[in-house]
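Below is one structure, written out as structure tokens; the observations come after it.
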Amino acid sequence: MAGIIERYRDRLPVTPETPVVSLEEGSTPLIHAPGLSSILGGDRQVFLKFEGLNPTGSFKDRGMTLAVSKAMEQECRGVICASTGNTSASAAAYAARAGIPCWVVLPAGKVAAGKLAQAIVHGARVIPIEGNFDEALELVVEISEREGITLVNSLNPYRLEGQKTIAFEIIEELGCAPDTHFLPVGNAGNITATWRGYREDHHAGGTPSLPSMIGCQAAGAAPIVGGAPVKNPETIATAIRIGNPASWQGALDAIEQSSGDILAVEDQQILAAYDHLAKREGVFCEPASAASVAGLLKRHETAAQIAPAGGTIVCTLTGHGLKDPDRAIAGVELPAPIPTEMDALRKAMDLT
Ligand code: F0G
């Protein structure tokens, strides 16, 4: 399958001269979630847009293919980003593909193991800092300007342009926009981009309706919900451990224009949603991704209207569960090995 630049060339800021750096990202599945649908009732149908099936395991690849292609068109010296992990994994892979240097600045000790492994294996220069993501972002913005290195955080306009294609795919699959779209919010680029995609399609005569956009922040890192930056954000969902989102205004616009909302979900609610997705729907996403479903379940529990009866709901699952193996096995103790014997196996299987 072609990547998002080839599929949506006429809706993206590329020319025939743009060198396309692609790993065939996008075209991710929109998976029906029967368990969540039956919890909501009223014949409402919930779908999971599983972005964990992008080439580097997160939605970042949609924006990174365009950001790195444009950087190559502009003959860049290299790329740099601050990251809670996924942006760095994606930047590292696309930079490797393009054959250019990549620097990634990360909050030390707060990046999930799988993401760190990706940045390392793709040959990025990994620079941990003592500060958090917000502080890392301030540093890289300044050095990118001083040194003429291309910033590939979502402040780079091509990132959001690429990421808007998620909405095009959902509309193609459903035939129109869903009634409601839940997604996790960290730096707020994705909610901004997804809403842009829906709107552009609508204005071009595509989907007749537009969804309500519901952003979900972790309660310990919920500056938009609280209306003020959070100096020391904390959550088990390290991907969205962000206290001062760069696209704050974009998120507010999306919420207001779509009659949507922004919610805070507790870590316990995120983990319950993560568990539900893995054990009942068979879909393994990372904790930050489960924030979207935690928001959906929280709304349902408080009896808030989510979608009309018979309506359609999409939750973006932003990253793959294998990104954060430590979270998956946290608190789990495997039993001691058994003798290599049939009787012991039967016993261990609870068959006797
Ligand atoms: N989900 C995952 C898995 C993420 O990695 C991120 C952001 C988000 C949700 C939130 O998206 O920032 O557009 O609101 N990760 C960035 C990173 C910050 O550095 O990988 P957002």
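I'd like the distance between the alpha-carbon centres of segment 82-135 and segment 48-77, rounded to an integer number of Å.
14
Probe radius 1.4 Å, ligands and nucleic acids ignored: give me the carbon and sulfur share of the accessible area of the chain as a rounded percent.
53
Using the Kirkwood radius over C-alpha pairs as Rh, can you work out the diffusion coefficient of segment 1-160 via Stokes-Einstein at 25 °C, viscosity 0.890 mPa s, in µm² per second?
Stokes-Einstein gives a translational diffusion coefficient of 149 µm²/s.
What figure in square angstrom, to the nearest 10, would you give for the accessible area of Val141 with a 1.4 Å probe?
Roll a 1.4 Å probe over it and Val141 shows about 40 Å².
Using a 1.4 angstrom probe with every protein chain in place, what is the largest-first accessible-area order of Met1, Met213?
Met1, Met213
Return the Rg/Rh ratio of segment 85-179 with Cα-based radii and a Kirkwood Rh.
My calculation puts Rg/Rh at 1.06.
Count neighbours as other Cβ atoms within 10 Å of each site's Cβ, and list the chymotrypsin sites (Phe, Trp or Tyr not before Pro) in segment 143-202 that are DSSP loop with at most 10 such neighbours.
Listed in order of number, the matching sites amount to none.
Binning at 10 angstrom from zero up to the longest distance, how are the C-alpha pair distances of segment 294-340 distributed in percent?
With 10 Å bins starting at 0, P(r) equals 18, 27, 25, 18, 9, 3.
Run through segment 43-109 and list the GluC sites (Glu not before Pro) located in a DSSP loop whose Cβ has at most 12 other Cβ atoms within 10 Å.
Listed in order of number, the matching sites are Glu75.
Which value in deg cm²/dmol, rounded to the nearest 500, describes the helix-derived mean residue ellipticity at 222 nm for the chain, given -39,500 (n - 2.57) per DSSP H run of n ≥ 4 and division by the residue count?
Calculated mean residue ellipticity at 222 nm is -12000 deg cm²/dmol.
Mind grabbing the accessible area of Ile31 for me, 1.4 Å probe, Å², rounded to tens?
Ignoring ligands and nucleic acids, Ile31 comes out at about 50 Å².
Name all residues of segment 12-47 having a backbone nitrogen under 18 Å from the label point set 7 Å from the Cα of Leu174 along its Cα→Cβ direction, giving them as ranges.
Residues 27-47 qualify, since their backbone N sits under 18 Å from the label point.
Largest first and in whole Å, what are the equivalent-ellipsoid semi-axes of segment 172-266 based on the Cα gyration tensor, each being the root of 5 times an eigenvalue?
Working through the eigenvalues yields semi-axes of 27, 12, 10 Å.
For the chain, what is the Kirkwood estimate of the hydrodynamic radius, computed as the reciprocal of the mean inverse distance between distinct Cα atoms, to one decimal in Å?
About 20.6 Å for the chain.
Work out, step by step, the length gained on full extension between Glu341 and Glu256: first 0.36 nm times the residue separation, then minus their alpha carbon distance; give nm to one decimal.
Working it through step by step, the gained length comes to 24.3 nm.
Work out the FRET efficiency for Asn232 and Glu142 from their Cβ-Cβ distance, taking R0 = 30 Å, and round it to the nearest 0.05.
Between Asn232 and Glu142 the formula returns 0.85.
If you find the alpha carbon centre of segment 244-311 and of segment 175-189, how far apart are they in angstrom?
That distance is 9 Å.
Provide the FRET efficiency to the nearest 0.05 for the Lys110-Ala303 pair, computing r from the beta carbons and using R0 = 25 Å.
0.10
For segment 197-352, what are the per-bin percents of Cα-Cα distances with bins 10 Å wide, up to the bin holding the maximum?
10, 30, 30, 16, 7, 6, 1
Could you work out the relative contact order of the chain? I mean the mean sequence separation of Cα pairs under 8 Å and 6+ apart, divided by the number of residues, in percent.
Once divided by the residue count of the chain, the mean separation gives 19 percent.
The values are calculated or read from the model by the stated rules, or taken from the named source; none is laboratory data. In this text the structure is predicted, and so the values were computed from the model without any measurement. Here Cβ is always computed from backbone atoms with ideal geometry, including for glycine, and neighbour counts include all displayed protein chains. We work out accessible area using only protein heavy atoms, side chains counted, and drop any ligands, DNA or RNA first. Shrake-Rupley method; radii C 1.70, N 1.55, O 1.52, S 1.80 Å.
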